[in-house]
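Reviewing the structure listed below.
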Amino acid sequence: MLRSQVREEVFKILFRYPFAKEEMEEQIAFSMEELEGKSEENLAYIRNKVNAIIEHREEIDETIQTNCDGWNLNRIGKAEIAIMRIAVYELLFEKEIPESVSINEAVELTKNYCDEDAKGFVNAVLGKVTKNIGK
């Protein structure tokens with residue numbers, strides 16, 4: 001799988017988080033079953049990344065909130081939040097991924113899963129995050 005495809009699978013699982021917090025282990029397991037036939041490396045990466053994002057969710061959400069210029073996270077679409085959680089996690093914790101890659105991949109996911117206006121919003125928030133964390 002390409003890294004963009006892996007990110008998309010991470011997104012699909014994280015999108016479920018607000019609706020199934022109590023059953024996330026089951027949701028992750030279900031998603032892994034749907035990916036049957038993919039490499040063990042990709043499956044482990046997906047599982048580990050989802051778990052790491054959930055583990056650091058409070059810090060990630062605080063970073064997003066701080067950079068949203070008056071927008072409350074409750075007013076932002078669930079897809080946009082899931083996409084930004086992936087990118088912010090990468091910006092904060094996966095320093096080997098270039099910031100431009102994290103932001104570009106987030107914008108591409110936004111184009112596929114959100115309305116037309118969302119890509120500019122996501123790009124702006126992530127750009128501000130990047131500037132403020134000094135990466």
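The values are calculated or read from the model by the stated rules, or taken from the named source; none is laboratory data. Computed from a predicted structure; not experimentally measured. Ideal geometry is used to build each Cβ from the backbone, glycine not excepted, and the neighbour counts take in all protein chains shown. Surface areas here come from the heavy atoms of the whole protein model, side chains and all, with no ligands, DNA or RNA. Shrake-Rupley method; radii C 1.70, N 1.55, O 1.52, S 1.80 Å.
For GLU90, are the conditions met, namely being free of Cβ contacts under 8 Å to residues at least 24 places away in the same chain, open to solvent by less than 70 Å² (accessible area, probe 1.4 Å) and within 18 Å of GLU8 (Cβ to Cβ)? Judged against the criteria, GLU90 is a match. Number of residues in the stretch 33-54 that are part of a helix (DSSP H, G or I) and touching a residue at least 24 places away in the same chain (Cβ under 8 Å): the value is 8. All conditions in (1) over 22 Å from ILE133 (Cβ atoms); (2) open to solvent by 80 Å² or more (accessible area, probe 1.4 Å) hold for ILE13, with the sole exception of (2). Checking ILE46 against (1) within 13 Å of the chain's Cα centre (by Cα); (2) at pLDDT 95 or above; (3) under 15 Å from ARG7 (Cβ atoms): exactly one of these is not met. Which one? Against the list (1) within 13 Å of the chain's Cα centre (by Cα); (2) at pLDDT 95 or above; (3) under 15 Å from ARG7 (Cβ atoms), ILE46 comes up short only on (2). Restricting attention to the stretch 41-57, the residues being of a type in the set (Phe, Trp, Tyr) and within 11 Å of ILE13 (Cα to Cα) number 0. If the condition is being of a type outside the set (Gly, Ala, Ser), under 17 Å from ALA124 (Cβ atoms) and surrounded by fewer than 19 Cβ atoms within 10 Å (Cβ to Cβ), then the stretch 59-75 contributes GLN65, THR66, CYS68, ASP69, TRP71, ASN72, LEU73, ARG75. Contact map, the stretch 97-109: residues that are of a type outside the set (Lys, Arg) paired with residues that are outside any helix (DSSP H, G or I), Cβ distance under 7 Å, separation 6+ or inter-chain. Pairs shown: GLU99/LYS135. From the list LYS38, LYS78, LYS119, the lone residue that is surrounded by 12 or more Cβ atoms within 10 Å (Cβ to Cβ), within 17 Å of PHE11 (Cβ to Cβ) and touching a Pro at 6+ places or on another chain (Cβ under 7 Å) is LYS78.
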